[in-house]
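Computed from the coordinates by the stated procedures, all read-outs in this text should not be read as laboratory data. Since this is a predicted model, take the numbers as computed values, not measurements. Note: ideal-geometry Cβ built from the backbone for every residue, glycine included; neighbour counts use all protein chains shown.
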Amino acid sequence: MGLNVVQKILKQHLVEGELAPGKPIAIKVDQTLTQDATGTMADLEFEQMGADRAKVDLAISYVDHKTVQMGFEDPDDHKYLQTFAAKYGELLSRSGNGICHQVHIERFGKPGTVLIGSDSHTPTGGGIGQIAIGVGGMDVAAAMAGMPFYLTCPKVVGIKLVGKLRPFVSAKDIILRVLQILTTRGNVGWAAEYFGPGVETLSVPERATVTNMGAELGVTTSIFPSDHITRKWLRAQHREVDWKEILPDPDATYDKVIEIDLDELEPMVAQPHSPGNVVKVREIEGMAVDQVCIGSCTNSSYKDGRTVAEILDGRHAHPNVQLVYVPGSKQVFRMLADEGWLSKIIAAGAVLVQPSCSFCIGIGYAPRSDGISVRTNNRNFYGRSGTLSAKIYLVSPETAAATAITGVLTDPRDLKEKFGIECPQFELPEYFHVDDSSVITPPLDGSEVELYRGPNIKEAPIPSPLPDEVKGEAIIKVGDKITTDHISPAGTRLKYRSNVPEYAKYVFESLDPTFSQRALEVKERGEYNVIVAGDSYGQGSSREHAALCPMYLGVKAVVAKTIERIHKANLINFGILPLLYKNPDDYDKIDQGDKLTLKDARKALIEDRGEITMRDETKNIDIPLVYELSDRDRKLLLAGGVMGFAKLYPGKGFKEVEITE
């Protein structure tokens, strides 16, 4: 039986375990990336591990999130990142060079390699045939220190593409259709692989759009084959030497197959407040819009920018619409400027923003109260834009440009009839402009480099080992689809990412502003906090702070119907038990404030029972909970997470330690 692309790359990188779906495995990591909102903490964790140099083929630190520098905290973080990169052997992509995923696929990603990054949209690299996985910062730090990456071997859903996209229908519509089919939950333990004759009709930037937003599915990663299209892209980036062909075998199989006919696809839109709430634009067109934002790591390529420029050429944004444009990289920015396309976007009335994450993470350009914002980014979670009452709709660049012109949500296929606008058709440049001057190369020996630490930079707290019994309180009860944005907000709070005690004050801020104080009161009583949740807890960003800050506040367990992959890993890394209801209906039996006891929690993990009983002391009932944990996971939780393990067993690996009490 032949292998698919996911299986081929995992097989080549396997260092521990059996390559069978559902089995725990460890793989060699070739590349790591961090960004400035997650990188400072990841670097601090690397320091705590005691490694002297990054031990992967390529490690790179990107400054792309906090580029507006909202107070001294942000530039202090950036200076720390620069000195850390010099000392420990990382490349540093400076502010203004671009969004990590856009720059990485342009300049550094390699087919057939494994990349892990402390950003959930790292799977963008799958657009060039790279296994690229979003993880928490602790996992990146461990990989940089020379450790493998541990994960569950995924099943593979094959998404067969046939046909060819029609005019004004784009790659964004492909992934929105996939989200409509698979939704944002229920896909933990899967990887998505695109194959079929339709693949050859898509350029690398189009493929990258699809794999980027595949993060919203909750899959481990998404990937396209590395073929002649990939080779053409790398040649245009002046690095054809990095190309290698990676195709599925002719008899490759998949655990499930979905077919999408590109000929039949229409412009799609994700409605508030979930990327999975997808319908056709035709179904809701005509809605008045206040703002159109074009950019983000999903749709900020040269192809996207030029497409928008050609549609807007000679026209102006509607008087009621604020139009914002953010190119994804300095390369995109400069080429569009040199060729005159940027001028057309500016002439259309667009506000121009430096290459950065910007509006996508709530840094600037928040909509008005109750405003309607149409955007090309990948997430429209409640409150993420910076305005709690706003409604965010996710669309393609073509739909966004059409909407900017008309002032109402518009199917771009109507542009030809109403305005005589033809769908832009052009070939990507034979060669892209390459300027890596904003990427700083570290010295060969960084031992003499002095690390800069601003007053806001605090060491990561180390969690305590798992006690025999977890006794405490249901500190909060939340519903389904709780995202990491709900748990640890972005936007103006990003500047506290390197200061856990300060950042912890804002945990669950949008749901319950009293959470932090109440949690600390329980912790000060010598008890633990338990988060009670519904389905798909921990969707969204890879930010480990959504586990790190609750840990600091005394959270020792999350009890949910389901927990998303990256967040579950982050919980384990910081010594928080990820537990599931044996009977999901038991969720309804627990109320916020109930006194809870996880009986024999430590003994249950040591014996690997697979089940823990939670006593609701307030209701006088027992609730059976289950867990799915590898041997490594259990050892980490018993020791209090990765750093707790390192503190208790210095210099020892997981296989060398047997915890018996």
| request: Return the calculated 222 nm mean residue ellipticity for the chain, to the nearest 500 deg cm²/dmol, obtained by summing -39500 (n - 2.57) across DSSP H runs with n ≥ 4 and dividing by the residue count. | output: -8000 deg cm²/dmol
| message | Quick check: net charge around S536, other residues with Cβ under 9 Å of its Cβ, Lys/Arg +1 and Asp/Glu -1? | response | 0
| query | Ranked by Cβ crowding within 10 angstrom, fewest neighbours first, how are M643, M49, M551, M1 ordered? | reply | M1, M49, M643, M551
| request: Starting with the highest mean, order 125-135, 167-177 by the number of other Cβ atoms within 10 Å, averaged over the residues of each peptide. | output: 125-135, 167-177
| task | Over the stretch 119-243, calculate the relative contact order: mean separation of alpha carbon pairs under 8 Å at least 6 apart, over the residue count, as a percent. | result | 37 percent
| note | Diffing the stretch 195-200: the Karplus 3J(HN,Hα) column from phi (6.51, -1.76, 1.60, θ = phi - 60°), in whole Hz with x for Gly and Pro, holds 8, x, x, x, 4, 5
| remark: Length-normalised contact order of the stretch 470-650, Cα under 8 Å, at least 6 apart, in percent, tallies to 22 percent
| Residue-wise, which Karplus ³J(HN,Hα) couplings in Hz belong to the stretch 26-34, taking 6.51 cos²θ - 1.76 cosθ + 1.60, θ = phi - 60°, and x for glycine or proline? | 10, 10, 6, 9, 8, 9, 10, 9, 10
| said: Can you give me the C-alpha center-to-center distance between the stretch 465-521 and the stretch 293-366, rounded to a whole angstrom? | reply: 35 Å
| Given charges of +1 on the Cβ of Lys and Arg and -1 on the Cβ of Asp and Glu, with all other atoms neutral, how large is the dipole of the chain about its Cα centre, in debye to the nearest 20? | 280 debye
| field | Sum of side-chain charges, P429 neighbourhood, beta-carbon under 13 Å (Lys, Arg +1; Asp, Glu -1) | value | 0
| If you take every DSSP beta bridge whose two residues both sit in the stretch 5-264, what share of them, in percent to the nearest 5, is antiparallel? | 20 percent
| request: Could you tell me whether the stretch 488-566 comes out rounded, prolate or oblate from its Cα gyration tensor? Rule is a ≥ b ≥ c as square roots of the eigenvalues, rounded for a/c under 1.5, then prolate if a/b exceeds b/c, otherwise oblate. | output: oblate
| Which percent, to the nearest 5, of DSSP beta bridges fully inside the stretch 504-641 are antiparallel? | 55 percent
| said: Restricted to Cα positions, what overall size does the stretch 268-419 have along the principal axes? Three whole-Å values, descending. | reply: 39, 36, 26
| request: Pairs to check: K172/K244; K79/K344; K523/K655; K256/K556; K110/K458. Give those whose C-alpha atoms are more than 30 Å from each other in this structure. | output: K79/K344; K523/K655; K256/K556; K110/K458
| query | If you wrap a convex hull around the C-alpha atoms of the stretch 470-650 and split its volume per residue, what is the figure in Å³? | reply | 108 Å³
| request: Excluding residues fewer than 8 places away in the same chain, name every one of the aspartates and glutamates whose C-alpha is closer than 13 Å to that of K232. | output: E106, E200, E240, D242, E245, E427, E430
| field | Beta bridges by DSSP in the chain, antiparallel share as percent, to the nearest 5 | value | 35 percent
| message | Using Cα-Cα distances under 8 Å and only pairs 6 or more residues apart, what relative contact order does the chain have, in percent? | response | 14 percent
| If the stretch 5-264 were replaced by its equivalent ellipsoid, with semi-axes equal to the square roots of 5 times the Cα gyration tensor eigenvalues, what would those be, largest first, whole Å? | 30, 21, 17
| task | For each of I476, I258, count neighbouring Cβ atoms within 10 Å of the residue's Cβ, then give the residues from fewest to most. | result | I258, I476
| request: Work out the length of the dipole vector of the stretch 5-264 about its Cα centre, built from +1 on the beta-carbon of each Lys and Arg and -1 on the beta-carbon of each Asp and Glu, and round it to the nearest 20 debye. | output: 440 debye
| Column: log10 I(q)/I(0), Debye, Cα scatterers of the stretch 1-154, q = 0.13, 0.19 Å⁻¹ | -0.56, -1.11
| said: How large is the Rg to Rh ratio of the chain when both quantities use alpha carbon positions and Rh follows Kirkwood? | reply: 0.96
| message | Around G479, under 14 Å between beta carbons, what's the net of Lys plus Arg minus Asp minus Glu among the other residues? | response | -1
| task | Positive end of the charge dipole of the stretch 404-470 (Lys, Arg +1 and Asp, Glu -1 on Cβ, about the Cα centre): tell me which of S437, N456, P412 has its Cα farthest that way. | result | P412
| message | Test of understanding: ordering E73, E45, E266 by Cβ neighbours within 10 Å, fewest first, what list do you get? | response | E266, E73, E45
| query | In debye, nearest 20: dipole of the stretch 392-468 around its Cα centre with unit charges on the Cβ of K, R (+) and D, E (-)? | reply | 460 debye
